[in-house]
Amino acid sequence: MKEFTCCFTGHRILPADRVEQIKIQVRSEAENLVQQGVRYFGAGGALGFDTLAALTILELKKVCPQLRFILVLPCKDQTRGWLQSDVEQYERIKGQADKIVYTSEFYTRGCMQKRNRHLADHSAYCICYLTKDYGGTKYTVDRCRANNATVINIARYFDVQQNSTI
């Protein structure tokens, strides 16, 4: 199944003036992967890029019903402290997921990294939005690369200052 799986990882804060362009590029890359046989798409349920990717795959499923969307969540209380509107959107996304995996029951210091490792370790492809050389997104992308996954960085399509290691 790994060879037919793509995960998403990206920053929680996206440039507001590029969100629609990022979404278009995510869909384009996902469609390309579908043409190569990818059928499973996993996201971590975070705000920002994860949410954008989830909504994009759920839209794509309308025309590609063979796709499966998997939420890999760090804990059952992930939305603690979120705005109500974000919680409502998160619950709508959860309601449309084909599968939900919780890597921890409750929030713990390492549950986010555990979620990121799960996504990376079960994927042959990774679509990301990475512009920083630190943090959870960088960790996940590095783990994907260490696992020989193909990494597609959406940020490369935009005029974004990037560290040369990204």
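The values are calculated or read from the model by the stated rules, or taken from the named source; none is laboratory data. In this text, all values refer to a predicted model and were calculated from it rather than measured experimentally. FYI the Cβ positions are ideal-geometry reconstructions off the backbone, even for glycines, and counts take in every protein chain you see. Remember, those area values only see protein heavy atoms, side chains included, never the ligands or the DNA or RNA. Shrake-Rupley method; radii C 1.70, N 1.55, O 1.52, S 1.80 Å.
A few remarks follow.
- Residue that is least open to solvent (accessible area, probe 1.4 Å), among those in the range 143-166 that are modelled with pLDDT of 95 or more and part of a loop (DSSP other than H, G, I, E, B): Ala149
- Beta carbons closer than 7 Å, at least 6 apart along the sequence or on distinct chains, pair a first residue in the range 76-94 that is open to solvent by 40 Å² or more (accessible area, probe 1.4 Å) with a second that is part of a helix (DSSP H, G or I) for Gln89/Thr51.
- Unmet requirement for Leu83, which otherwise passes all of (1) within 17 Å of Leu33 (Cβ to Cβ); (2) aliphatic (A, V, I, L, M); (3) over 13 Å from the mean Cα position of the chain (by Cα): (1)
- Residue in the range 100-117 that is open to solvent by less than 70 Å² (accessible area, probe 1.4 Å) and under 21 Å from Val34 (Cβ atoms) present: no
- Taking every residue in the range 98-113 that is in contact (Cβ under 8 Å) with a residue 24 or more places away in the chain and closer than 25 Å to Tyr40 by Cα and pairing it with any residue that is of a type in the set (Val, Ile, Thr) and open to solvent by less than 50 Å² (accessible area, probe 1.4 Å), at least 6 positions away or on another chain, the pairs with Cβ-Cβ distances below 6 Å are Lys99/Ile70; Val101/Val72.
- Among the residues making up the range 34-52, those that are of a type outside the set (D, E, K, R), in contact with a Ser or Thr (Cβ under 9 Å, 6 or more places away or on another chain) and not in a loop (DSSP other than H, G, I, E, B) are Tyr40, Phe41, Gly42, Ala43, Phe49.
- Residues within the range 16-70 that are more than 18 Å from Ile93 (Cβ to Cβ) and either surrounded by 16 or more Cβ atoms within 10 Å (Cβ to Cβ) or in contact (Cβ under 8 Å) with a residue 24 or more places away in the chain (or both), tallied: 11
- Pairing each residue of the range 127-142 that is closer than 17 Å to Gly42 by Cβ and open to solvent by 30 Å² or more (accessible area, probe 1.4 Å) with any residue that is at pLDDT 95 or above and part of a helix (DSSP H, G or I), provided the two are 6+ apart or on different chains, yields C-beta distances under 7 Å for Gly136/Met112; Gly136/Asn116; Tyr139/Gln113; Tyr139/Asn116.
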